[in-house]
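Heads up: the structure comes next, in structure tokens.
The values are calculated or read from the model by the stated rules, or taken from the named source; none is laboratory data. Being a predicted model, the structure only gives us computed values, none of them experimental. Cβ: placed from backbone, ideal geometry, glycine included. Neighbour counts: every protein chain shown. Heads up: the accessible areas ignore ligands, DNA and RNA and are worked out on the full protein's heavy atoms, side chains in. Shrake-Rupley method; radii C 1.70, N 1.55, O 1.52, S 1.80 Å.
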Amino acid sequence: MTKTRRWLRRTLWALTGIVAIVLVLAGSGLFWLRHAMTVSLPVVDGTLKASGLGASVTIRRDVHGVPHIEAASQSDLVFAQGYVTAQDRLWQMDMLRRNSSGELAELLGAQFLAHDKAQRVLQFRNVAQRIYSSMPDADRRRYEQYARGVNLYIEQNQDHLPAEFRLLNYRPRPWTGSDSVLIGLNMVLSLDNHWDAKLSRESVTARLHNPKLEAQLYPTGSWRDQPPTAAVADMTQPHPPPQQDDDQDNDQTQTRLQLPSTSPEDLRALRQALGVADCNGCIPGSNNWVIAGKHTASGKPLLANDMHLGLTVPNIWYMAELNAPGLHAAGVTLPGVPLIIAGHNEHVAWGFTALYADVQDLYIEKLDGKGNYTGPEDNWLPLAHTPETIHVRFGADVKLDVQLTGHGPLINTMLPHEQRPIALHWTLYDPALISIPLYELNTAANWEQFSNALQAWCFPTQNVVYADDAGHIAYHAVGKVPMRPNGLVGMPIQDTHHEWQGYIPFDDLPYSVDPPSGLLATANARVTPNDTKFPLTLEWPDPYRAERVYIDLRGRDNLTRDDMLAVQTDIYSALDQELAHRLAYAIDQTAQIAQAAQTPGKAAVDNRLKQAADLLRSWDGRMTADSPAASIVFRTRQALWPLILQPKLANAWDSYSWAESNFAEEEIIMHGSATTASTSGGPSTPSEWLPPDFPNWDALLTEAVRRGLDSSKAPDDLARWKFGSWHVVDLEHPIFGMLPIVKSWAGTGEQPLVGDSVTIKQVGRAFGPSQRFTMDWSAPDASTENITLGQSGNPLSPWFRDQWPAWYNGTTFPLPFSQHAVASQTAHTLQLVP
């Protein structure tokens, strides 16, 4: 007994010692990290020497840490912008350029190797250098000045760089002008990417063997569309069904089934490497609209914009006001890029959404096995080669030989099981396309100057809404979109008849100026009528947000800024409410049939399904955090896809991906019970989507509800199944989020989330409005802007998460613009002196 006690005592002392050591180490680590964060907080008051300036620059920060930069020259202004942005976001800037150039594995290890290979194959670093070298001298000087400001900050702060640099034990290399272009290319990849969908469509088509069902899975536009170039429709009346779309290539069979399609495994790996959102319906896009003064309370135009992107820590945008002779603009900037991206100046305001024009094609090339490929004139041409070396932390370097044809790089390195040589053709690779007219947008004084600047816009393709202080409103689609005389192709091309023939002229892109309706809005859905002269894309995103914006605003007068925010935060879903009623009906019908037939076992409709029907039929369609019906319909829609796709596609069912997949699902659900008459005069047949083991469509939908509940582990009492209990937003810092002690104050944690992927407030776990902007030309200083978290990337900064309550709760605040407003709201003042 004594020996046992002695052993227990020693064991307890040993365990106590281990725990104490762990606590000491954890405490020391936390102390070190807090110290590193504290010493890296920026200087925001007083005076700092800044060699390279021509004159002193004043930086006033308001209560949200937004810098209001006033300089005597534009050159000093962008220099100071680079310096100040680096104060708050240097590590993010470094990671953005590494992400684009394919240099993450060098810091973070082999888990990022697939991503880095993809970026090297896409040639982003070489494209950025080419664009930068070809820029007009004036633009290149601005990028150089911005880089000098960033580098001065790096030089002055070598001993107290942001904590992430210390934690990963590296120092940033000097900033260059081409690094700024690199960061812009991240946005191009996010907003102008269609080629993965083309591979996906080919994979599905090769297994489906049914053109009719394929057309249902891949709609191009819908009866719900409200193009801004058309008269505003009466949204209380049914729209006519769309005619056969001229955008559709009538010779899709040219690529079908003649060669094997890309494997589902490759498609899954590709999406992961490209960072494609795993949230169904989380399509990078945005909302924007503009309202003429005849519909506003003030008589002056209102413009609203909220850009939907992946939500990161820190936020993708950085707010600023820039003021120098000849340039005075405010809004959001992209960390690492000079000037204002979206916002307003003294005369004009503008906002963006993704146009989703198709600027990419995939070509199956012919190789001779000797280093040559077949050119456009059926002649052999040598493959070009770009050697790449990827450094891997804690691992060996990886060599990569990127091969290129006249179309672009062969992407096979990204598709390990793909045997066909597939080249990516992209406007990004055209050496003639180099223009990034941000300066011209920032300094435009009227629509003529602004639209002239838009003509030079190359990429990404965008919808731009515009309002000015003279009362004009406008919309224009922008970006270089290839002309394809033989039609758009939604899959890889293996013929010589689908080469590009220049680009669609600017004046032939969709636009509208001062329409009689006084209302222009876009939300990524179709912006052209069916009879468009030049097709833009086969893949428009879902129409629900754009439709709802018009429903919210059509026919209303005396509109105010508060009304704009109410629309931006609208969480009503007509789609989900419609489907809820359809599901309730299906359960009722299935219950009646089961009762009459005395169906035993799982096929019977149990009390939980009956409760689900009751909740669904009485629901108001708002995706609120406390809604059980929102949970039921959301999970049912997820469960339906494998039910109908797996019987057709087997293990490739999740290869299906389409920006308008929610509309495709709506049409399949709502018309699935319809029957098709036999062409031979015999009895009609049920929908081809109905799996053979289901007697009718109602039984299928009832099973989808059951599986949605079971897979989600819904409670027995569905009234307690709140949407926000599992539908959450959770934003984590990419480094600090991995540290348990730090995670809680370096991110948001899981918070109940309202809205879904088809509401105007389009959201997912780490996706949603990255900013909210409303311009009121009757009161520019009262115009509002807020981002998701805050200006700073440092968790100890008061501006790290101070904007989160506004974003989360659907409120906002003004962004001061005039000298008087800036002065009245200044909390800190820093002078940069030569």
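Pop the C-beta distance of THR374 and LYS399 into the FRET formula with R0 = 30 Å and round what comes out to the nearest 0.05. Walk me through the numbers before you get to the answer.
Numbers: r = 27 Å, r/R0 = 0.91.
Taking R0 as 30 Å, the efficiency between THR374 and LYS399 is 0.65.
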Original post:
Roughly how many Å is it from the Cα centre of the range 115-150 to that of the range 497-571, as a whole number?
Top reply: 31
**OP:** Taking every pair of alpha-carbon atoms in the range 685-834, give the share separated by more than 27 Å as a whole percent.
**Re:** 50
Original post:
If we count every other residue with Cβ under 14 angstrom of ALA105's Cβ, Lys/Arg +1 and Asp/Glu -1, where does the sum land?
Top reply: 0
**OP:** First check a/c for the range 85-170, with a ≥ b ≥ c the square roots of the eigenvalues of its C-alpha gyration tensor; if it is under 1.5, answer rounded, and if not, answer prolate when a/b is larger than b/c or oblate otherwise.
**Re:** oblate
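What order, most packed first, do the peptides 421-429, 506-514 have when packing is the mean number of other Cβ atoms within 10 Å of each residue? Spell out each step's value before the answer.
Working: 421-429: 22.4, 506-514: 16.9.
Packing order, densest peptide first, comes out as 421-429, 506-514.
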Original post:
If Lys and Arg each add +1 and Asp and Glu each add -1, what is the summed charge of the other residues whose beta carbon sits under 11 Å from the beta carbon of GLY471?
Top reply: -1
Subject >> the chain - mean residue ellipticity at 222 nm from DSSP helices (-39,500 (n - 2.57) per run, n ≥ 4, rounded to 500) >> reply: -11000 deg cm²/dmol
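Assuming R0 = 22 Å, can you tell me the calculated FRET efficiency for the pair TYR170 and LEU796, based on Cβ-Cβ distance, to the nearest 0.05? Before the final figure, lay out each step's value.
On the way: r = 21 Å, r/R0 = 0.96.
The calculated FRET efficiency here is 0.55.
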Original post:
If you find the alpha carbon centre of the range 410-427 and of the range 336-393, how far apart are they in angstrom?
Top reply: 13
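Looking at the square roots a ≥ b ≥ c of the eigenvalues of the Cα gyration tensor of the range 512-561, which shape do they give, rounded for a/c under 1.5, prolate if a/b is larger than b/c, or oblate?
Taking the square roots of the gyration eigenvalues as a ≥ b ≥ c, the range 512-561 is oblate.
With a 10 Å radius around each residue's Cβ, average the other Cβ atoms per peptide and rank 538-547, 88-97, highest first. Intermediate results must be reported in sequence, preceding the final value.
Details: 538-547: 26.5, 88-97: 24.9.
Descending mean neighbour count gives 538-547, 88-97.
Around VAL398, under 15 Å between beta carbons, what's the net of Lys plus Arg minus Asp minus Glu among the other residues? Walk me through the intermediate numbers first.
Working: positive: LYS117, ARG120, ARG393, LYS399; negative: GLU103, GLU106, ASP116, GLU388, ASP397, ASP401.
That sum, taken over residues with Cβ under 15 Å, equals -2.
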**OP:** Only Lys, Arg, Asp and Glu count, each charged at its Cβ (+1, +1, -1, -1), so figure out the dipole size of the chain about its Cα centre, rounded to 20 debye.
**Re:** 3420
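At a 10 angstrom cut-off on C-beta neighbours, averaged per residue, how do the peptides 752-761, 644-653 rank from highest to lowest?
Working: 752-761: 23.4, 644-653: 17.3.
By packing density, highest mean first, the sequence is 752-761, 644-653.
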**OP:** Mind jotting down the three principal axis lengths of the range 333-467 based on Cα atoms? Whole angstrom, largest first.
**Re:** 60, 47, 22
**OP:** Note the per residue figure in Å³ for the convex hull of the C-alpha positions in the range 544-617.
**Re:** 109
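Run the accessible area of the chain with a 1.4 Å probe and give the carbon-and-sulfur part as a rounded percent. Let's see the in-between values first.
Values: 17630 of 32290 Å².
Exposed carbon and sulfur together represent 55 percent of the surface.
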**OP:** Sort out for me the Cα centre separation of the range 689-757 from the range 191-214, rounded to whole Å.
**Re:** 27
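For the chain, what does the equivalent ellipsoid look like in terms of its semi-axes, each the square root of 5 times an eigenvalue of the Cα gyration tensor, given largest first in whole Å? Write down the numbers at each step before the final one.
On the way: eigenvalues 354, 243, 197 Å².
Values for the chain, descending: 42, 35, 31 Å.
For the range 747-834, compute Rg over Rh where Rg is the Cα radius of gyration and Rh is the Kirkwood radius from the inverse mean 1/r over Cα pairs. Could the numbers behind the result be given before it?
Numbers: Rg = 15.7 Å, Rh = 15.1 Å.
On the Cα set of the range 747-834, Rg over Rh gives 1.04.
Roughly how many Å² is the accessible area per residue of the chain, as a whole number, for a 1.4 Å probe? Let's see the in-between values first.
Working: 32290 Å² over 834 residues.
On a per-residue basis, 39 Å².
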Subject >> Coarse-grained scattering of the range 42-97 at q = 0.17, 0.23, 0.24 Å⁻¹, given as base-10 log I(q)/I(0) from a Debye sum over alpha-carbon atoms >> reply: -0.57, -0.97, -1.03
